[in-house]
Structure formats: structure tokens, C-alpha cells
Amino acid sequence: MRRGRSPKRAKVRPPRCVLDSGGLTALVGGSQRAREWLRWVIEHDGSICVPTPILVESTTGDRARDAEVNRILGVLQRAATVLQAPDESTARRAGRLRYLAKTDAGIDALVAAATVGDGSPAVVLTSDADDLDRLLQNDRQVGVRAV
């Protein structure tokens, strides 16, 4: 009797959670919904990403005013590498998403591009779900969640 190959199991990619400035601000404000999403991602061996352009919208350059944002980023970075600078391919992907969505929201487009980057399942935590939904409308691996 010939032995057949066992069926290949689909490799399941761990989930990713991408925070835009609204998602980061929700954590700063103690949002239970945002914390529950992050807890779920961590429990499923996922990763957390804050694209570096989000710092433009979330910080002021004043250490005292930025203290809570920096504290939250520090907590997240102890769990994993969190801050992610867009490279050329991410920036070009953002340009394409922005163009297709007919929007001029460059930083939201960079968040969207970072989210779809490697094709793994992801969720974006945001306070601006409409814009990100529009940018990510063609990607079924990504969920947009308002926090």
C-alpha cells in the first residue's frame, strides 16, 4: 500500500494590530475596548505596530505633554518592537491606496499600507473608522475597529 502525503495544514499567520493616532490616544485614555483588542492579539502571539508617522499626530515635542503617550509606547515596546518606519514599498503602497480611495489623507494611507504590508490578518484600532474603511475596502484580511 502506498502511503499518501498527509494533507498540508495551512500555515496560520499570527494576527497584527496596527494603531493609528486615535488607537494610541484610546490607550492613553484607558479605553477598555482598545486594551481588549491588544490583549487578544498578544494572547494569539500577534504583534502590535505603531507606524512612526503616527508620532506626528500624537506628540507635541514637549516631554511633559507627551509623557503619557511615551509611557504607553514604552509599555508596548517592552512586549515587542512596536514603532515601524515606512519604507519605500510601504510609502508607494500608501500612495496607491490613497489614490484608489480618492483621499488626501496621507498618514491614514500610511497606516493602511502598514496594515496590509505582509498580507497577514490584521486589525486597525482607530477613532476614524470611515477613512480607514475607505482605504482598506478591498482587503479582506484587515478589520477596522473604532475605539
State in Å² the accessible area per residue of the chain; use a 1.4 Å probe, count heavy atoms of protein chains only, and round to the nearest integer.
64 Å²
Report Rg (one decimal) and Dmax (nearest whole number) for the chain, counting Cα atoms only, units Å.
17.0, 73
Computed over the chain: longest principal axis from alpha-carbon atoms vs helix 32-43 long axis, angle to nearest 10 degrees, is 40 degrees
Cα gyration tensor shape of region 91-147, rounded if a/c is under 1.5, else prolate or oblate by comparing a/b with b/c
oblate
Counting only helical runs of four or more DSSP H residues, what would the 222 nm mean residue ellipticity of the chain come to if each run contributes -39,500 (n - 2.57) and the total is spread over all its residues?
-15000 deg cm²/dmol
Note on region 33-147: contact order normalised by length, alpha-carbon pairs under 8 Å, 6 or more apart, percent, works out to 22 percent
Of the accessible area of region 106-145, with the probe set at 1.4 angstrom, what percent is carbon plus sulfur?
37 percent
Length gain on complete extension for the stretch residue 80 to residue 67, per 0.36 nm per residue less the alpha carbon to alpha carbon distance?
2.7 nm
Enter the angle in degrees (range 0 to 90, nearest 10) between the Cα long axis of helix 106-116 and the first principal axis of the Cα atoms of the chain, meaning the one along which they spread out most.
30 degrees
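The values are calculated or read from the model by the stated rules, or taken from the named source; none is laboratory data. Worth saying up front: this structure is predicted, and the values here are computed from it rather than measured. Please note that ligands, DNA and RNA were not included when accessible areas were found on the heavy atoms of the full protein model with its side chains. Shrake-Rupley method; radii C 1.70, N 1.55, O 1.52, S 1.80 Å.
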